[in-house]
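Scroll down for the structure; my scribbles are underneath it.
The values are calculated or read from the model by the stated rules, or taken from the named source; none is laboratory data. Just so it is clear, the model here is predicted, and its values are computed rather than measured. Heads up, the Cβs are rebuilt from the backbone with ideal geometry, glycines too, and the neighbour counts pull from every protein chain shown. For accessibility, only protein heavy atoms count, side chains too; no ligands or nucleic acids. Shrake-Rupley method; radii C 1.70, N 1.55, O 1.52, S 1.80 Å.
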Amino acid sequence: MISDKIREALNGQINMEFNASYIYLGMSTWCERHAFKGSALWLRMQSSEEQAHGMKLHHFLLARDCDVELNQIGKPPACYESLLDVFEKAYEHEQRVSESIDAIYKLAFDEKAFAALVELQWFLTEQVSEEQVCREIVKQLRMVKDDPSAVLDLDRELSTRATAA
Ligand SMILES: [Fe+2]
Ligand SMILES: [Fe+2]
């Protein structure tokens, strides 16, 4: 059985994933409004992925005979300074998610909650790639700085990455 402490932590993580989904949708909206169609598509797909992450934990808690409390999701930011700003914020957010997963993993580890550990392992691996992908986009955007044609090239590349995924 899962302890109340772990159930609460996983429940909080569900909220964080749905929150991330909403943040990405807000970023996608900003990109669409600023004609960054490739980034908008990429971020929309990212938003769906975060929703799937939330559902994965939702399913897990139910499978372990636990209650799930669906909490309020905050209003996501609507304004960004630039495409670089969008991806810097996305990267920062992914780092916060990683920290949260790490903390829950430690909790499950200390309590020897083996089933939860296995479930969380998937999230640990996922966060490694989420951080890497965002970090690389940030690096590329920093490289091209304010060169509009290079930024648009990168934006186009993001649309192909999104459709290839
Ligand atoms: Fe996630
Ligand atoms: Fe993520």
On the given criteria, is Gly38 touching a residue at least 60 places away in the same chain (Cβ under 8 Å) and more than 24 Å from Ile104 (Cα to Cα)? yes
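Please tell me if Ser21 is crowded, with 19+ Cβ neighbours inside 10 Å and either away from ligand 1 (no atom under 14 Å from the Cβ) or not charged (D, E, K, R) (or both).
Values: crowded, with 19+ Cβ neighbours inside 10 Å: yes; either away from ligand 1 (no atom under 14 Å from the Cβ) or not charged (D, E, K, R) (or both): yes.
Answer is yes for this residue.
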Specify which of the listed residues (Glu88, Glu32, Glu81) is away from ligand 1 (no atom under 16 Å from the Cβ), under 29 Å from Arg142 (Cα atoms), of a type in the set (Asp, Glu) and within 16 Å of the chain's Cα centre (by Cα). Glu88
Of all residues in the stretch 68-97, how many are away from ligand 2 (no atom under 16 Å from the Cβ) and in a helix (DSSP H, G or I)? 3
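Condition check ((1) within 16 Å of ligand 1 (Cβ to nearest atom); (2) modelled with pLDDT under 95) across all residues:
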residue: Val97; (1), (2): yes, no
residue: Val118; (1), (2): no, no
residue: Glu131; (1), (2): yes, no
residue: Glu136; (1), (2): no, no
residue: Ser149; (1), (2): no, no
residue: Ala165; (1), (2): yes, yes
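Does Glu136 satisfy the criteria of being touching a residue at least 24 places away in the same chain (Cβ under 8 Å) and in a helix (DSSP H, G or I)? Write out each step before concluding.
Numbers: touching a residue at least 24 places away in the same chain (Cβ under 8 Å): no; in a helix (DSSP H, G or I): yes.
Considered against the rule, which asks whether it is touching a residue at least 24 places away in the same chain (Cβ under 8 Å) and in a helix (DSSP H, G or I), Glu136 comes out as no.
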Say we look at the stretch 100-128 and pick out the residues that are within 15 Å of Gly12 (Cβ to Cβ) and free of Cβ contacts under 8 Å to residues at least 40 places away in the same chain; which of these is farthest from ligand 2 (Cβ to nearest atom)? Lys106
Restricting attention to the stretch 40-55, and to residues there that are open to solvent by 10 Å² or more (accessible area, probe 1.4 Å) and more than 12 Å from ligand 2 (Cβ to nearest atom), which single residue is nearest to Glu126 (Cα to Cα)? Met55
The number of residues in the stretch 1-44 that are hydroxyl-bearing (Ser, Thr, Tyr) and either at pLDDT below 95 or outside any helix (DSSP H, G or I) (or both) is 1
